[in-house]
Every structure is written in structure tokens, then in C-alpha cells.
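Some notes on the structure that comes next.
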Amino acid sequence: MKIFETCEELNEPIPAIVVGVIPEWLSGGLLRLGPGLFEVGAEPFYHLFDGQALMHKFDLKNGHVTYYRKFVKTDAYVRAMTEKRVVITEFGTAAYPDPCKNIFSRFFTYFKGIEVTDNCLVNVYPVGEDFYACTETNYITKVDPDTLETLKKVDLCDYLSVNGVTAHPHIESDGTVYNLGNCFGKNMSLAYNIVKIPPTQKDKSDPIAKSKVLVQLPSSERFKPSYVHSFGMTENYFVFVETPIKINLLKFLTAWSIWGTNYMDCFESNETMGTWFHLAMKDPAKYIEHKFRTSAFNLFHHINSYEDDGFVVVDLCTWKGHEFVYNYLYLANLRENWEEVKKAAMRAPQPEVRRYVLPIDVHREKQGKNLISLPYTTATAVMRSDGTIWLEPEVLFSGPRQAFEFPQINYSKFSGKNYSYAYGLGLNHFIPDRICKLNVKTKETWVWQEPDSYPSEPIFVQTPDSVEEDDGVLLSIVVNPGADQRPGYLLILNARDLTEIARAEVEVIIPVTFHGMYKP
């Protein structure tokens, strides 16, 4: 699989060969992030989330397309290149002390505390007029979306009480950014903070400097935060799903004094807690005390959430059970032959798109009854004798070892609102081999697929003056590593029916990318 192989930066954008006709109105850049360097010298990175951040850009203008890419010059990358070894511990790869140092200086290096990675390989998003590449730690990296130059590293801890934030913030039409992070405060009390970064400031000052914690959500366990990758937001509420995948803080804080320990070693599953849903109001910001519970699942991506008639509807890409899905994403597993990949996927948690419905107004006397009265869903919420509300989902999509993941919607018009369509990357036993569209109301699906072709997360771009929700195009980077085919291309699909509008092919190998955005 060439999508997991190291590649070079480009010195300048290269022109793509366009097949088909690119819509005239489509003028802008598709920005994508993912790993591009999978080893340093003789030292390999072991996990999918360890490779050093490479930023890609397909530029569309007047029917022409160019492709460009550059490594993000993070501390992790620059120091690895300088010392020709892994210097900063990544998600699943431990950094060892410098072998050239003597035993005393190595001993002291251990006690300097945790050096957290700034390898921002997951996503890119706007804050005010700036753009930031991010991972899930407290570091975000300001980048130039035109030249892909790295501008500066920003430590969110300088402004906010958080120990890291998700790579999936919510951004309102005025540019306000909301995100969620965990924080351990005084006497090791643990909580989750929802933070707000205001839009572009009149005085041109940095909006991040004016960011603040809006509301705090409690943690189910005192020393063990849940792993969180995204959260939900409606017009008036925040939705946080707390899963049984836990970070053992005590292990995390001592890990760096133990040789060969990494982030993955600090995860564990709480097999008894199931999954907890938390609701908080946006304005005035306050936590809602209802205790929503359901059975255990992994969650990485929220699709969308909205309010309807006293209920909050939450659509999620779930993986059943409490075993951590990331255990299956070591590069050694993913590079195996197809039969081995399939075997591993058989053992892994199974994917399912689910809809949960949370009643906002709950009365104790309704015990034992289904509190959901929305006519169009089979999801239920039942008050138990202990005061908890047990949720059962409606399944929107399910196929054996077939995941609908990396979901996207018509975000600018339908984020936080009642919607019909979700677009996603189809994973077949963890291998991304198709693009899917799902009607969440009728459960109808559409698929784009070609042999030996591996697409990436499809980004929705709406047609100017569009009326219908799915009036637009999907942009995805497709790689087909087969010997007789072109290495990679930008694919443009009609979002209505997933028919191909155009593709822009480039003569270079493109590795896997995770998330990104379209910048008009």
C-alpha cells in the first residue's frame, strides 16, 4: 500500500491533467493533511497517527488545477530531520534519549517532564483570518494556506485551561470557533472544557488571545479522561459523548520516565461504564444535569446534531464495544496482505451509523416509558429507577465490516440543523475503497467506487445560489497505487448522485490524508 510510504515535498506546484470539465464557479483550494514521512533515518514510525505532517493543496482556477505539498515544519519534524532520529514521542512511537549523551544527562532528560508532540497531521481550520493545522495536543500550527509555509507554533495552554483540544472544532457563520478539550485542574480534578474563540477582531488582534472557557462538563472518572475526537453542536446546545476509551493519567504522567512508552500505552477501556452523553446549553452557557447512558462504543466522528420539538437528535459514526479501534491502526497491520487485514478487521469493533435522541425536558414520573415522541425515529430514551435515562439508537447504516466514516455534510447551511444528507468515506475492513452518500431520513445510499482506488474524506462544496441541500460537488483525493495506473488525482463528484464531473491527475504518489477543508 503506497498510501503508507514516505514521499518528498514539492518545490513548486505541478500542473494536473484534467479529464472532464471543472465547473466554472469552483475556484479555490482543497487543503488536506496527513502523514508524509513514515521513518526517520533507520527508525520507523509504528502507528498511522505518527508519520510527520504533510500538507497538500489542489488549487482550482479557471478550469485548471495544480497540486502542491509541503511538510509542516513542526518542532517534531525539524528536530527529527536535524538529529536523524525520532526525537519527540508520537502517538504509537516512543522517542528514546539521545544515544550520544552520557548516562547522567540522559537521566536528567527524563525528569524534564513531558514533551508533547506538535505533529499537526490531522486537520486544518480557520481562526479569524488565519489557518491552523492541528493534531489533538495543546499545540496548533499557523500555516499559510497559499504557500503552505509554516508560520508559528501556538500553545493553547498559554490562553486556556486545557490540556489539548479536538481536531474537529465547530465554526459558526460569523467565524466564532468552539472546541472541546480536557483539563486537569487543582488537586487533579478532571473535567472537559468547551472553549470559544471569537471571530476576527476589529482591531486586528489575535482572536486566540481572547479565547475563553465557556462551560465545564464533569468526567465520569476522576483520573481518567475519555478519548475525545469530536463533539456535537446544535443552535442552542453542545453534545459531548463520553466513551469507555480512557487515558490513564497516572500512567501518562509517569510514562515519560519509562523507556519506550508512548500515548497508545496509556489507553485502557473501562468495561463497565458504557457510554455517557452530556448536554450543555450555549447561551447562557451551563451544564444540564440529566444523566444519559447507553451501551459501550468507540466514537471518533459526529455527523450532525440538531434540535426538534424538545429533543436533541445526535447522528454518530460508532464502533461497537469498548475495545479501542486505534489498536488496529498500527502500520504493520495496515501494510499486511489483504487476507491478514481482513482477519484483523473481523476481530475489531464493528462500525455502525447511529442516531440517538435526547429529551431536553425530563420528568421523574415518566419512569419506564419511552420519552421520545418524534414520529420519524425508532430511537428511544427511557427513565430508569435510579434517575438515569437509557438511550437506544436507531441504526441509519450498517454492513458487516463496512464503515461509513470521515463524515461530511453541507456544513455552512445545515450544521446544527435538521438535515437529510451525509457524505462519507467507505471503509472496507479499514481500507478506504469508496465514497458514500447517505440519506439519514430514508436510509437510501449512493456509492462511487473504482477498482484499486483509495479515496479520502469527501469535502462538500455547495453550488453558488443553491436551493437544494445536496446541490454541490464533492472533492476527494484518490490514489490508485496499481502499477498500470496514474498515481493520484483530485476527484470531483456531483453530490446529488455521486456521478463523476471531472478528475485532475498528477504524476506523483500521494500518501493517505485524514481531514481538510475547501478554501474558496
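The values are calculated or read from the model by the stated rules, or taken from the named source; none is laboratory data. This one's a predicted model, so the numbers in the text were calculated from it and none came from an experiment. For neighbour counting, all protein chains shown are included, and Cβ atoms are generated from backbone atoms with ideal geometry for every residue, glycine included. Note: accessible area is taken over every heavy atom of the protein model, side chains too, but ligands, DNA and RNA are not part of it. Shrake-Rupley method; radii C 1.70, N 1.55, O 1.52, S 1.80 Å.
Under a Cβ-only charge scheme (Lys and Arg +1, Asp and Glu -1), can you give me the dipole magnitude of the chain about the Cα centre, in debye to the nearest 20?
Values: 52 positive and 65 negative charges, 278 e Å.
Dipole about the Cα centre, nearest 20: 1340 debye.
Would you work out what percent of the accessible area of the stretch 405-520, with all protein chains in place, is carbon or sulfur (probe 1.4 Å)? Spell out each step's value before the answer.
Working: 2000 of 4110 Å².
Looking at the stretch 405-520 in its full context, I get 49 percent from C and S.
So what does GLU8 come to for accessible area, using a 1.4 Å probe and Å² rounded to 10?
Roughly 140 Å² of GLU8 is accessible to a 1.4 Å probe.
With point charges of +1 on the Cβ of Lys and Arg and -1 on the Cβ of Asp and Glu, referenced to the Cα centre of the chain, which listed residue (GLY20, SER453, GLN367) lies farthest in the positive direction of the dipole?
GLN367
Can you list the aspartates and glutamates whose alpha carbon is less than 18 Å from that of LYS282, not counting same-chain residues fewer than 8 positions off?
The reachable aspartates and glutamates, counting only those whose Cα sits under 18 Å from LYS282, are GLU172, ASP174, GLU235, GLU307, ASP308, ASP309, ASP361.
How do GLU505, GLU12 stack up against each other in accessible area, from largest to smallest, with a 1.4 angstrom probe?
Correct descending sequence by accessible area is GLU12, GLU505.
Cut-off under 25 Å on the C-alpha distance; same-chain residues fewer than 8 positions from LYS152 excluded. Which lysines are left, in chain and number order?
Reachable lysines: LYS57, LYS70, LYS73, LYS84, LYS112, LYS142, LYS196, LYS202, LYS204, LYS210, LYS212, LYS519.
Might you tell me the accessible area per residue for the chain, computed with a 1.4 Å probe and given in Å²? Mind showing how you got there, number by number?
On the way: 21410 Å² over 520 residues.
Accessible area per residue, the chain: 41 Å².
Need the full-extension length gain, ASP283 to ARG222, defined as separation in residues times 0.36 nm minus the C-alpha distance. One decimal, nm.
Numbers: separation 61, 0.36 × 61 = 21.96 nm, distance 2.75 nm.
Gain on extension, ASP283 to ARG222, equals 19.2 nm.
From the list (1) 77, 64, 45; (2) 67, 64, 58; (3) 68, 56, 54, can you say which value of Cα extents along the principal axes in Å was derived from the structure given?
Step by step, Cα extents along the principal axes in Å for this structure corresponds to label (2).
Need one number: nm distance between label points at LYS343 and ILE501, each 7 Å from Cα along Cα→Cβ, rounded to one decimal.
Simple spin-label model gives 4.5 nm for this pair.
Subtract the Cα-Cα distance of GLU9 and HIS363 from 0.36 nm times their separation in residues, and report this length gain in nm to one decimal. Walk me through the numbers before you get to the answer.
Details: separation 354, 0.36 × 354 = 127.44 nm, distance 5.93 nm.
Net length gain for the segment: 121.5 nm.
Please tell me the relative contact order of the chain in percent, rounded to the nearest whole number, where contacts are Cα pairs under 8 Å and at least six residues apart. Mind showing how you got there, number by number?
Working: 1341 pairs, mean separation 68.4, N = 520.
Relative CO of the chain lands at 13 percent.
Take the stretch 143-231, drop everything but the C-alpha atoms, weight them equally and run the Debye formula without solvent; then report log10 I(q)/I(0) at 0.13, 0.22, 0.24 Å⁻¹ to two decimals.
-0.49, -1.16, -1.28
Show which lysines lie in cross-link reach of LYS224 when reach means a straight Cα distance below 22 angstrom and same-chain residues fewer than eight apart are skipped.
Filter leaves LYS186, LYS246, LYS251, LYS291, LYS320.
I want to check the label-to-label distance for SER161 and THR147. Put each point 7 Å from Cα in the C-beta direction and report it in nm to one decimal.
Simple spin-label model gives 4.0 nm for this pair.
Taking the Cβ-Cβ separation of LYS291 and ASP174 as r and a Förster radius of 35 Å, what is the calculated FRET efficiency to the nearest 0.05?
Values: r = 34 Å, r/R0 = 0.96.
So the FRET efficiency works out to roughly 0.55.
If you take every residue apart from LYS202 with its C-beta less than 15 Å away from the C-beta of LYS202, what net charge results, scoring Lys and Arg +1 and Asp and Glu -1? Present the calculation step by step, with values, prior to reporting the outcome.
Values: positive: LYS204, LYS210; negative: GLU129, ASP174, ASP203, ASP206.
Residues near LYS202 contribute -2 overall.
Calculate for the chain the 222 nm mean residue ellipticity that helices alone would give, adding -39,500 (n - 2.57) per DSSP H run of length 4 or more and normalising by residue count, nearest 500 deg cm²/dmol. Don't skip to the end; give the middle numbers.
Numbers: 6 runs with 42 residues, N = 520.
When only DSSP H runs of four or more count, the value is -2000 deg cm²/dmol.
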